[in-house]
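So the structure is just underneath, and the comments pick up after that.
Bear in mind these aren't lab numbers, they're just calculated from the coordinates by the rules spelled out. The model shown is predicted, which means the values in this text are computed figures rather than measured ones. Neighbour counts are summed over all protein chains in view; Cβ atoms, including those assigned to glycine, are modelled from backbone coordinates with ideal geometry.
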Amino acid sequence: MSKIIAISDIHGEYDKLCAVLNKLSPEKNDTIVFCGDYIDRGKKSKEVVDKIIDMQNYCNCVYLKGSHEYAMMHANSDSYYHYLFWNYGGDSTAESYGSFENIMKIHGDFFNSLKYYHIIGNYLFIHAGIKIGVPLEEQDEVDMVYIRQAFYNHKHNMKYKIIFGHTEFDTPQIWDDKICIDTGCGKYKNAPLTALVIENGEEYFVNSL
């Protein structure tokens, strides 16, 4: 049976990404949903993006937009996102690419193609979450990549189980209606990268440790 895999908040930690992928050994019919925040903080943002793009050669891949990609793509046009990008690890990303300008020159097509959410069966994958009570088609882009407590502290009324990252916890957080898989990779030196695997109706976690 094919697997559905969710990975979020890699943050330039190429070695941790490789460790998780080696454990998962995805096959042709498996699907990996990458839930955003590929860049910033860690030293190898370019290598991370190259790797996740390359994974299309081995399995099905879906790429979502995270808050750090959103900030990077608005950094030159909005002073607030300029501040967020450069003060939350953007310097490491620019160094990885050789310059800030090189980010979009090298991977512009990839970043411009990122989705805000993806649905597979009974699961909805997203970077940060949703605004409770707002229909999916009316959700604000900023909420989908930045929302925190207003989402995860409350039950939502959608028919999907929502898989998300963005807010780091020491371990994956499991609620009846949602699962957070951000375990602090890139933000804390010894924090693992954690993947959620959905297989044969079961959910389990694989991390880089």
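Per the Debye formula on identical point scatterers at the alpha carbon atoms of segment 4-207, with no solvent, log10 I(q)/I(0) at q = 0.11, 0.13 Å⁻¹ is -0.46, -0.65. Across the chain, Cα pairs under 8 Å and at least six residues apart give a relative contact order of 24 percent. Counting lysine pairs in segment 1-52 that sit 8 or more residues apart in sequence, or on different chains, and whose Cα atoms lie under 26 Å apart gives 16. Any idea what the relative contact order of segment 106-209 is, in percent, if you count C-alpha pairs under 8 Å spaced at least 6 apart? Taking the mean separation of contacting Cα pairs over the length of segment 106-209, I get 17 percent. Between segment 1-60 and segment 148-187, the C-alpha centres lie 19 angstrom from each other. For the chain, the antiparallel share of DSSP beta bridges with both residues in that region comes to about 50%. Just to confirm the filter: which trypsin sites (Lys or Arg not before Pro) across segment 118-203 are DSSP coil and have at most 16 other Cβ within 10 angstrom of their Cβ? Here the sparse-neighbourhood loop sites are Lys131, Arg148, Lys155, Lys159, Lys189. Here is the result for segment 79-146: no GluC sites (Glu not before Pro) lie in DSSP coil with at most 15 other C-beta atoms within 10 angstrom of their C-beta.
Taking each DSSP H run with n ≥ 4 as -39500 (n - 2.57) and averaging over every residue of the chain yields -9000 deg cm²/dmol at 222 nm. Close amide H pairs (under 5 Å, H built 1.01 Å from N) link Ile162 with Leu124, Lys178, Ile179, residues at least 5 positions away or on another chain.
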